[in-house]
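The next block holds one structure in the form of structure tokens; read it before the comments.
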Amino acid sequence: MDKTQILVVEDDIQVQNLITVTLKAEGYRYLTAQTGQSAVIAAATHNPDVILLDLGLPDMDGVEVIRRIRSWSNVPIIVISARSEDTDKIDALDSGADDYLTKPFSVAELLARLRVTMRRINGVGFDTASSLFRNGALTIDYAAGCVTLGREEVRLTPIEYKLLCLLSRNVGKVLTHKYITQSIWGNSLDSTTASLRVFMATLRKKLMPSPDSPAFIQTHVGVGYRMIRVEDKTEYMT
Ligand code: CA
């Protein structure tokens, strides 16, 4: 198999060097872009496997870069942002980014996110022909509408089941409050975001019968939720 190629979009040369030196040491191929315009062109010309995208670019907002690339490509995009404001992350995720890292980030963190993304795009643990979803002890039978944890059936309300299906079909990806409430209720009013928290809390409880059970659903405070693969769990703790 060819080596994975990563497009690194970053106008800060020091950060770009840190990333490319790391990628090279890990055996990834990479190409770089310093502007939004050149990033869009590089994405179209070289068809990279993953894009690492800085949000603050000199010519164009990173969110606009995501929108343009998403008009023809589903390539995983991991946003790297110096801005700690949640709204930037949320806009990026709503525009189709898969994940985010906040500067300053560690090299270990970057590599961990890349490994998770690579496993996801290589379809590890996915069987598209099957109506079964498996994640550790959790099994969802989409056809039967049935959820089990080990041998026990998990009794979910229709809303909880819809939420779980949405998260599982996007496993590994952070889904924003807005995305989730629009998918489930068709709107994203504050009241539905408040209800979402309540539904999510009970769903998480049902999926964690004991305190030492693995947490399948990760909360991103102020942003949204993500289902993580149990085998990827350690990757999110670095
Ligand atoms: Ca920048």
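Summary table below
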{"quantity": "Failed condition for S81, given (1) surrounded by 18 or more Cβ atoms within 10 Å (Cβ to Cβ); (2) within 21 Å of the chain's Cα centre (by Cα); (3) more than 12 Å from the ligand (Cβ to nearest atom); (4) not hydrophobic (A, V, I, L, M, F, W, C)", "calculated": "(3)"}
{"quantity": "Residue list for the stretch 1-14, restricted to those being over 22 Å from the mean Cα position of the chain (by Cα) and within 13 Å of the ligand (Cβ to nearest atom)", "calculated": "D11, D12, I13, Q14"}
{"quantity": "Out of D232, D212, sole residue that is under 25 Å from V116 (Cβ atoms) and not in a helix (DSSP H, G or I)", "calculated": "D212"}
{"quantity": "Qualifying positions in the stretch 19-42 - assigned to a helix (DSSP H, G or I) and either within 22 Å of the chain's Cα centre (by Cα) or under 19 Å from T117 (Cβ atoms) (or both)", "calculated": "I19, T20, T22, L23, K24, A25, G36, A39, V40, A42"}
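Every residue, every condition in (1) open to solvent by less than 20 Å² (accessible area, probe 1.4 Å); (2) within 16 Å of the ligand (Cβ to nearest atom), yes or no:
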residue	(1), (2)
N17	no, yes
V21	no, no
E26	no, no
A39	yes, yes
A43	yes, no
P58	no, yes
S71	no, no
K89	no, yes
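The values are calculated or read from the model by the stated rules, or taken from the named source; none is laboratory data. Remember, it's a predicted structure, so these values are computed and weren't measured experimentally. For neighbour counting, all protein chains shown are included, and Cβ atoms are generated from backbone atoms with ideal geometry for every residue, glycine included. Surface accessibility is based on the protein's heavy atoms, side chains included, excluding ligands, DNA and RNA. Shrake-Rupley method; radii C 1.70, N 1.55, O 1.52, S 1.80 Å.
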